[in-house]
Amino acid sequence: MSFSAWFNAHYDEKGPAKWLAFFLEAVSSLVLFTLMALTCVDVVGRYLFNSPLHGGTELTEIGLAVMVFAAMPVITWRGGHIVVDLLDRFLGS
């Protein structure tokens, strides 16, 4: 399967919104992978070498903010928010 066929099969948006959604999802996934690697390096450094990664907490906070704000427009556009209706039975309509 070519990239073009895969791209058109997985993204329903039209025009530039399709490329924007792809770009934002790519940024979000790269940041998620970086956070995973950062956490692994920090844990290995902390427990094996007794020297944690300096600034690891701050880098994690920045990475989480970038990941959330990169994914938020795509989730909002697609209407994919999580809805919890625990109290609907008790509150009525």
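General observations
- Residue 38 vs. criteria surrounded by 13 or more Cβ atoms within 10 Å (Cβ to Cβ) and in contact with a Ser or Thr (Cβ under 7 Å, 6 or more places away or on another chain): yes
- Residue within the range 43-62 that is under 19 Å from the mean Cα position of the chain (by Cα), of a type in the set (A, V, I, L, M), modelled with pLDDT of 90 or more and open to solvent by less than 70 Å² (accessible area, probe 1.4 Å) present: no
- The range 6-35 - residue that is open to solvent by less than 100 Å² (accessible area, probe 1.4 Å) and among the acidic types (Asp, Glu) and, of those, farthest from residue 72 (Cα to Cα): 13
- Hits in the range 1-36 - residues which are small (Gly, Ala, Ser), over 24 Å from residue 57 (Cα atoms) and part of a helix (DSSP H, G or I): 4, 5, 9, 17, 21
- For the range 63-93, filtering for residues that are in a helix (DSSP H, G or I) and either exposed (fewer than 11 other Cβ atoms within 10 Å of the Cβ) or aromatic (Phe, Trp, Tyr) (or both) leaves 7.
- Criterion violated by residue 41 - all others in (1) touching a residue at least 12 places away in the same chain (Cβ under 8 Å); (2) of a type in the set (A, V, I, L, M, F, W, C); (3) not in a helix (DSSP H, G or I) satisfied: (3)
- Here residue 81 passes the criteria (1) touching a helix residue (DSSP H, G or I) at 6+ places or on another chain (Cβ under 7 Å); (2) at pLDDT 85 or above; (3) not small (Gly, Ala, Ser) except the one numbered (2).
The values are calculated or read from the model by the stated rules, or taken from the named source; none is laboratory data. Here the structure is a predicted model, which means the values were calculated and not measured. Because the Cβ atoms are built from the backbone with ideal geometry, glycine has one as well, and the counts that use them run over all protein chains shown. Note: areas computed on protein heavy atoms with side chains; ligands, DNA, RNA excluded. Shrake-Rupley method; radii C 1.70, N 1.55, O 1.52, S 1.80 Å.
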